[in-house]
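Report on the structure given below.
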Amino acid sequence: MTQHREGRAAATRQRVLQIARGLYYAGGYDNVSLQAIADQLHISKPALFYHFKNKQELFYEMLLSVLEQLHEIFASASRQEALSTQQILRQIMLRLADEPSFDMARFMRQEYTLLSPEQQQQVGKAWRAKLLDIVHSILERGIARGELRPHNSLMASYMFLHVCLLLPQLGHQVHDSLREMQRNERIDTLLDLFIHGLYQAPT
């Protein structure tokens with residue numbers, strides 16, 4: 001009986017996070033209404049507090065769940081060692097371009113200050129472990145293979161993640177010439193700039 005109750009509680013908790021992500025994606029932090037979540041689950045608002053003591057805790061857990069989703073994208077691409085470094089990075093970018101939670105993650109970063117200092121620290125640790133460290137290992141492997149020139153791979157890892165933040169933005173609120181580019185063309189252009197840069201050696 002206890003295991004059954006715990007299983008139901010865990011399922012409800014995941015359902016709360018799923019609904020909260022949808023509300024957040026539709027309208028930002030202010031749109032995440034505890035009452036709206038309770039109504040969708042057909043439970044009382046006090047019953048919701050059994051799973052999350054307040055909105056801040058819900059937002060924190062939601063951030064961690066988004067990072068977990070993104071981690072699987074990065075990890076699955078990294079495991080394909082038969083691909084070149086550029087192909088692995090391209091796979092990550094293609095997946096992120098189609099992943100609503102990635103766009104959500106970009107918005108969430110702007111509301112980072114809503115978390116407590118301890119929660120901010122934990123989210124930062126998760127971001128490094130689940131995303132940054134994987135990109136770092138991909139680039140280090142590329143150097144070892146001779147596919148990339150020796151460079152500060154940690155700094156380059158930060159750069160790649162920030163390049164990825166451009167992916168959701170390229171479909172709107174940009175110059176017309178960028179908006180007209182096809183999805184794969186935009187990704188290939190960003191990746192080419194990241195891998196090869198702008199410099200051309202004099203002939």
task = Could you tell me whether any residue of region 49-71 is out of contact with any Asp or Glu (no Cβ under 9 Å at 6 or more places or on another chain), under 30 Å from Arg149 (Cβ atoms) and modelled with pLDDT of 90 or more?
result = yes
key: Subset of region 77-93 that is in a helix (DSSP H, G or I) and in contact with a Lys or Arg (Cβ under 8 Å, 6 or more places away or on another chain) - its residue that is farthest from Arg15 (Cα to Cα)   = Thr85
ask   = From the list Glu72, Glu118, which residue is free of Cβ contacts under 8 Å to residues at least 12 places away in the same chain, of a type in the set (Asp, Glu) and under 23 Å from Ala10 (Cβ atoms)?
value = Glu72
task = Determine, yes or no, whether Leu64 is surrounded by 14 or more Cβ atoms within 10 Å (Cβ to Cβ), outside the structural domain of Gln122 (by TED's automatic domain parsing) and within 16 Å of the chain's Cα centre (by Cα).
result = no
note = Subset of region 11-33, residues surrounded by 14 or more Cβ atoms within 10 Å (Cβ to Cβ), of a type in the set (A, V, I, L, M, F, W, C) and part of a helix (DSSP H, G or I), comes to Val16, Leu17, Ile19, Ala20, Leu23
ask   = Does Gln122 satisfy the condition of being in a loop (DSSP other than H, G, I, E, B), among the polar types (S, T, N, Q) and at pLDDT 90 or above?
value = no
ask   = Which one of these is among the acidic types (Asp, Glu), at pLDDT below 90, more than 30 Å from Gly146 (Cα to Cα) and over 15 Å from the mean Cα position of the chain (by Cα): Asp30, Asp98?
value = Asp30
ask   = When you scan region 153-177, how many residues do you find that are assigned to a helix (DSSP H, G or I), at pLDDT 60 or above and in contact with a helix residue (DSSP H, G or I) (Cβ under 9 Å, 6 or more places away or on another chain)?
value = 11
request  = Of all residues in region 34-76, count the ones that are at positive phi and assigned to a helix (DSSP H, G or I).
outcome  = 0
query = Right, Ser137: polar (S, T, N, Q), touching a residue at least 40 places away in the same chain (Cβ under 8 Å) and either outside any loop (DSSP other than H, G, I, E, B) or more than 14 Å from Ile92 (Cβ to Cβ) (or both) or not?
reply = yes
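The values are calculated or read from the model by the stated rules, or taken from the named source; none is laboratory data. Source: prediction; values computed, not measured. Cβ coordinates were reconstructed from backbone atoms using ideal geometry, including for glycine residues, and neighbour counts include every protein chain displayed.
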